[in-house]
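> The structure is given below, and queries will be raised subsequently.
The values are calculated or read from the model by the stated rules, or taken from the named source; none is laboratory data. Note that the coordinates shown come from a computational prediction; the quantities given were computed from them, not determined experimentally. Virtual Cβ from ideal backbone geometry, glycine too; neighbours counted across all protein chains shown. Accessible surface is based on the protein model in full, side chains and every heavy atom, while ligands, DNA and RNA are left aside. Shrake-Rupley method; radii C 1.70, N 1.55, O 1.52, S 1.80 Å.
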Amino acid sequence: MNLLQKRCPWAARRLGAAIFFLREYFFPFGCALCGASLITADETWYGLCCACREEIDAAAGRAGERCDLCGKPLISEHGRCLSCRNGGERAFDRVTVLFPYTGKYRKLLKAYKFSKNLALGHYFAEKIEEVVKDLPGEPDWAIVPVPPRPGKIKKAGWDQVEYLARLLEKEMPVLRCLKRLPSKVQKELNREDRMNNLRGRIVVKQKPPETAILLDDVMTTGSTMDVCAAALKESGAKQVYGLCLFYD
Ligand SMILES: [Zn+2]
Ligand SMILES: [Zn+2]
């Protein structure tokens, strides 16, 4: 498949589409949002029925005002969220969050992450490509996946961010230059404790690109992005942008 991808990306895409079409026929996942049967090749490729795909596209477009630094949806603030205003400098230059993570849109992440609905990866990857096109491009840039906490993969069974990175790699440069050393689980910690928990635990394995675009699935306080961005900048990256599927 990799060789085919290199020699003839068009045929690889058709073969991939056929595999997902057959998979849906024999082991139906249905639309990740409404559960409807998926019929066309496009629907089985994205794991979403046409109507739901159109709806999410529109919802992502009108997600309301976002913090111009961390990408968090703003409620009563303008320009910058309270936590970015009070929290001082961030190491990243800007984070873009792709999808709303409210109500039924939570189903999207659950279907991808926990039910391993890989077709959704195609949808996410395409949306990521659209955002990357709009970021100020430098000649030396690459997507840098946020590394998972050691042990997390064993528990979850697979690495959702790495799977996206592999899809994106077909279209753009991806550099896995970060490594994460063992640390406490972040879930119960606040932003400051998260920063302290992670500091020194993110290691740069090889020279980072001048412009790095950090890729992660869910952003909670932004501290993981922040620590990764700081490590990249200390190792020579000039700009670090962040791309996240959802904001929790
Ligand atoms: Zn649907
Ligand atoms: Zn913010």
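> Obtain the nm distance between the two label points defined at residue 186 and residue 78 by a simple spin-label model: each point lies 7 Å from its Cα along the Cα-to-C-beta direction.
In this crude spin-label approximation the distance works out to 3.2 nm.
> Among DSSP beta bridges lying fully in the range 108-248, give the percent that are antiparallel, nearest 5.
20 percent
> Would you please put 180-191, 205-216 in order of how densely packed they are, using the mean number of other Cβ atoms within 10 angstrom per residue and starting with the highest?
Going by the mean number of other Cβ atoms within 10 Å, highest first, we get 205-216, 180-191.
> Run the numbers on the chain and let me know its relative contact order in percent, using alpha-carbon pairs under 8 Å that are six or more apart.
With pairs under 8 Å counted, the relative contact order is 19 percent.
> Can you work out the accessible area per residue across the chain, with the rest of the protein chains kept in place, probe 1.4 Å, in square angstrom?
52 Å²
> If you put +1 on each Lys and Arg Cβ and -1 on each Asp and Glu Cβ, how big is the dipole of the range 126-222 around its Cα centre, in Debye rounded to 20?
About 820 debye.
> Quick one: what does P(r) look like for the range 103-248 with 10 Å bins over all Cα pairs, in whole %?
11, 42, 37, 10, 0
> Moving on. Quick check: net charge around residue 235, other residues with Cβ under 13 Å of its Cβ, Lys/Arg +1 and Asp/Glu -1?
Net of charged neighbours comes to +3.
> Still on this structure, please answer the following. List every DSSP H helix in the chain whose Cα atoms extend 20 Å or more along the helix's own long axis and whose mean Kyte-Doolittle hydropathy is at least 0.0.
Span-like helices, by this rule, are 9-26.
> For the range 45-105, what does the convex hull of the Cα positions come to per residue, in cubic angstrom?
104 Å³
> Structure shown: which of 113/205; 107/187; 133/238; 72/170; 127/184 lie over 22 Å apart, alpha-carbon to alpha-carbon?
113/205; 72/170; 127/184
> Would you kindly calculate the mean projected area, averaged across all directions, of the convex hull enclosing the Cα atoms of the range 114-163, in square nanometres?
Result: 4.4 nm².
> Then there's this: Plugging the Kirkwood radius over Cα pairs into Stokes-Einstein for the range 69-135, at a temperature of 37 °C and a viscosity of 0.692 mPa s, what D comes out in µm²/s?
In µm²/s, the coefficient is 233.
> Turning to a different aspect of this structure: Calculated FRET efficiency, residue 14 and residue 110, Cβ-Cβ r, R0 41 Å, to nearest 0.05?
The formula returns an efficiency of 0.85 here.
> In percent, how large is the relative contact order of the range 115-248, given Cα pairs closer than 8 Å and 6 or more residues apart?
26 percent
> How big is the Rg/Rh ratio for the range 176-248, C-alpha atoms only, Rh by Kirkwood, two decimals?
When Rh is taken as the Kirkwood radius, the ratio is 0.95.
> Going toward the positive end of the dipole of the chain, with +1 on Lys and Arg Cβ and -1 on Asp and Glu Cβ, which of 132, 40, 148 do you reach last?
148
> Related question: Looking at the square roots a ≥ b ≥ c of the eigenvalues of the Cα gyration tensor of the range 85-187, which shape do they give, rounded for a/c under 1.5, prolate if a/b is larger than b/c, or oblate?
Judged from the Cα gyration tensor, the range 85-187 comes out rounded (a/c under 1.5).
> Give the long-range amide H neighbours of residue 69: residues separated by 5 or more places, or on another chain, with amide H under 5 Å away, using H modelled in the peptide plane at 1.01 Å from N.
Amide H neighbours of residue 69, under 5 Å, 5+ apart: 81.
> Charges on Cβ only, +1 for Lys and Arg, -1 for Asp and Glu, centred on the Cα centroid of the chain; of 185, 28, 242, which one is farthest towards the dipole's positive end?
185
> Give the Kirkwood hydrodynamic radius (Å, one decimal) of the chain, defined as one over the mean of 1/r across all pairs of different Cα atoms.
Mean inverse Cα-Cα distance, inverted, gives 19.0 Å.
> How would you order 101-113, 233-245 from highest to lowest mean count of nearby Cβ atoms within 10 Å?
Descending packing order for the listed peptides: 233-245, 101-113.
> Something else about it: Relative to the compact-globule scaling 2.2 N^0.38 Å, provide the ratio for the alpha-carbon radius of gyration of the range 1-70.
Taking N as the residue count of the range 1-70, the ratio is 1.44.
> Report the charge-dipole magnitude of the range 21-106 in Debye, nearest 20, computed about the Cα centre from +1 at each Lys and Arg Cβ and -1 at each Asp and Glu Cβ.
I would put it at about 340 debye.
> Please state, as a whole number in µm²/s, the translational diffusion coefficient that the Stokes-Einstein equation yields for the range 75-114 at 4 °C and 1.567 mPa s, with Rh defined as the Kirkwood radius across alpha carbon pairs.
Answer, rounded: 101 µm²/s.
> For the range 194-248, which whole percent of the accessible surface, found with a 1.4 angstrom probe, sits on carbon and sulfur atoms?
C and S atoms contribute 43 percent here.
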